[in-house]
């Protein structure tokens, strides 16, 4: 087990290094830069722009910039945002809470509803419910999120006046009730797509299991159907879901770009988009590394949990 | 989805014009302080700050040190938290703020032909932490701008400063290396920072002050929720008018459609800068309890030719292209007839605006004759040639800007008729406004920009021969236009402090630019802004970069 962990950590570090190199190169080689926005306005002269580029160190050769960035990262300094001069870690952590709140709520909602639809669909395969669930999932997956977000705002906020048209809370009223009220809209939008995804996963996983020999044996033994479902089928069907959950962890923290934009939700997805538009290199690199670590960590945790859940896999290592 | 990409204010303003009905500009004239209470006289402001205003912005303010680089949304914070020595009013006049009076040759504040300046300061101003404001703060701010290593936004004008002397706690003087009249306007947008705080910071570029600014303005810094909002709190010890609001919340809503929805539902009280998407204009003007209108803007939509290109270097070619352009069709068909065509680089509202420039009229015969006379002969393909050089060029603009793309297509058709082959080469904002723009790598651009120094009509940083970056200049003359007569006029304009004399100079300069056409002007911008009824004091100001410039004097009718 320890050997496995060390091996995986070693691979992960190498991967992180490669990710950082590729990310840094692509980001910096893309034309334009953090000063383009000031050039467009015409207020700052070329001398001003050149001076600031020099001060930011943007004129140095790319390998030098990368080496300096890497050295700083290794010493724990993630750099400072070009946008608001705050430290990158502070920028990232100040957006994490909002994203975690939204993603965790919508994912839990989607997992519960999705799992229920998936299980029911698998048990009652080819029934009307299954057909409706399948069609519903296809529709949910096909709807563009930004469009659906605007429809939710238009119907429930502008039309019916039931929900706020965005934001995380009303300024001056940070009560839990107020926050929950604001959470409903974006949560519905995000949960819609996720429910479809989780439902499809659950359904196919469940279908794999219900056709296994041991289920038939259990039935032949006269085990009650409910017990077969809960003790035999579901437990085994949940195994693949562990991997999917592990891989889903990064999404929980990296945020939902479009939904956060439409609902003015101050999370990571929005931060990423803003930072890219601004060419805020330190923050974009920070988010990239943060996400990369999460992906590697998520898959590692999934592997470990899988081993715990299924002793056969644990033994094969 | 209409995401306002950070930092490209001019791209999206253009969208605002889409779908506007006739009469929008007429409505704009009444869109001011008087317009909020449906014709009734405005009630007096409250005795104590009362109520909250939520200002909706589609870009997030992130730069809070007013001497460092920032865009329009950042200035909303600057003008509320800080003060400058004087401010530019909607009519273009300068009104004293931290200074007792605006220095002039008449009052002796400006002497020796503009080389010696003396400014008397108010003695009743306090920083938000209670420390008295003095001439030391002004000296520190001006010196900081010129400090090597400090990421100052601009040193235009400031670079001429020398011998800054404190003559008393509330009087300061300095000398200029050369007479530079636009400096008055530059100072109107130079906010004064506290020496007792920033001066003690190790590195002013990364000082904690930059994220919790302390100023002298009508509002104190409150809290910031990154990516969401900034709350400013009334400064009860303010030296000027107001503040009448207890709090001002600057709410960041990245999607313009969602921002408009929040304006509709009343979650935000006003939408400024990027404004309301124009496809909602007809609906927005009918909203009960809301005032929506076109606010004036000093930005111009132009074709910017690169005169480094052989074809564009010839005046006749530029004139022919301008003559063949159907400006009115562009404005009517694409922009619903709302923006007014312009012939000048100066905004219509400027005191230096020349209203007597010849109006452009589509004249294909004239365009063809100009090219024939200049020796551009039609080749077999229909494209004109001269000395082996085809009359062929690309027009670039920001990818995804549908109105501009339609504009390009119209021009392509117009110019094809006179044997000029135009291609379209569009790029994303961060790409086009990078090296491609500032190193004059484009052939020509369809761009929205300004040609003034702050609120001063001086366009030297955009038109002077020594302002061409690719030729070692330090300005923004990306067209690479060189004209000795214009250079002389601009130099004269900078050295003259008498407004009447300066006006004569700029009238002449506008004639030259209209004749030489280093830019092909199309129209002046007209963004749509919306305000909740009952908010008193909102006054659009073309001489500021944003219309929350006087937020200290805003209040609610009830």
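The values are calculated or read from the model by the stated rules, or taken from the named source; none is laboratory data. These numbers were taken from a predicted model, which means no experiment stands behind them. Please note: Cβ atoms are built from the backbone with ideal geometry, for glycine as well, and neighbour counts cover all protein chains shown.
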Residue match in the range B:415-429 (condition: over 20 Å from residue B:513 (Cβ atoms), over 19 Å from the mean Cα position of the chain (by Cα) and facing chain A (nearest Cβ under 10 Å))
yes
For the range A:186-196, indicate whether the set of residues that are within 19 Å of the chain's Cα centre (by Cα), within 14 Å of chain B (Cβ to nearest Cβ), part of a helix (DSSP H, G or I) and within 25 Å of residue A:244 (Cα to Cα) is non-empty.
yes
Among the numbered conditions (1) over 21 Å from residue A:35 (Cβ atoms); (2) at pLDDT 90 or above; (3) within 12 Å of another protein chain (Cβ to nearest Cβ), tell me where residue B:493 comes up short.
(3)
Checked pairs for the range B:379-397, first at positive phi, second surrounded by fewer than 17 Cβ atoms within 10 Å (Cβ to Cβ), C-beta under 9 Å and 6 or more apart or across chains, list as B:382/B:416; B:382/B:421; B:387/B:310; B:387/B:375
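Against the condition within 14 Å of another protein chain (Cβ to nearest Cβ) and surrounded by fewer than 11 Cβ atoms within 10 Å (Cβ to Cβ), how does residue A:29 come out, does it pass?
Yes, satisfied.
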Specify the residue that is nearest to the chain's Cα centre (by Cα); the eligible residues are those in the range B:478-488 that are more than 9 Å from chain A (Cβ to nearest Cβ) and closer than 9 Å to residue B:440 by Cβ.
B:479
When the range A:141-161 is examined, which residues are found to be surrounded by fewer than 14 Cβ atoms within 10 Å (Cβ to Cβ) and farther than 24 Å from residue A:196 by Cβ?
A:159, A:160, A:161
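Each row is one residue, and each column tells you yes or no for (1) more than 12 Å from chain B (Cβ to nearest Cβ); (2) in contact (Cβ under 8 Å) with a residue 40 or more places away in the chain; (3) out of contact with any strand residue (DSSP E or B) (no Cβ under 8 Å at 6 or more places or on another chain).
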site: A:119; (1), (2), (3): yes, yes, yes
site: A:125; (1), (2), (3): yes, yes, yes
site: A:134; (1), (2), (3): yes, no, yes
site: A:137; (1), (2), (3): yes, yes, yes
site: A:141; (1), (2), (3): yes, yes, yes
site: A:154; (1), (2), (3): no, no, yes
site: A:160; (1), (2), (3): no, no, yes
site: A:171; (1), (2), (3): no, no, no
site: A:175; (1), (2), (3): yes, no, yes
Just one of the numbered conditions (1) crowded, with 17+ Cβ neighbours inside 10 Å; (2) away from every other protein chain (no Cβ under 13 Å); (3) under 30 Å from residue B:555 (Cβ atoms); (4) in contact with a helix residue (DSSP H, G or I) (Cβ under 8 Å, 6 or more places away or on another chain) is not true of residue B:172; which one?
(3)
Within the range B:190-208, can you find the residues that are buried (at least 20 other Cβ atoms within 10 Å of the Cβ), within 14 Å of chain A (Cβ to nearest Cβ) and not in a helix (DSSP H, G or I)?
B:190, B:204
Got a number for residues in the range B:461-476 being in a helix (DSSP H, G or I), facing chain A (nearest Cβ under 10 Å) and crowded, with 18+ Cβ neighbours inside 10 Å?
4
Which one is nearest to residue B:328 (Cα to Cα) among residues in the range B:524-558 that are part of a strand (DSSP E or B) and in contact with a helix residue (DSSP H, G or I) (Cβ under 6 Å, 6 or more places away or on another chain)?
B:528
Scan the helices (runs of 4 or more DSSP H) fully inside the range A:249-317 and keep the ones with 3 or more residues being modelled with pLDDT of 80 or more and under 27 Å from residue A:31 (Cβ atoms).
A:257-262, A:268-278, A:281-309
Taking residue A:256 as the residue in question, decide whether it is crowded, with 20+ Cβ neighbours inside 10 Å, on the phi > 0 side of the Ramachandran plot and within 14 Å of chain B (Cβ to nearest Cβ).
no
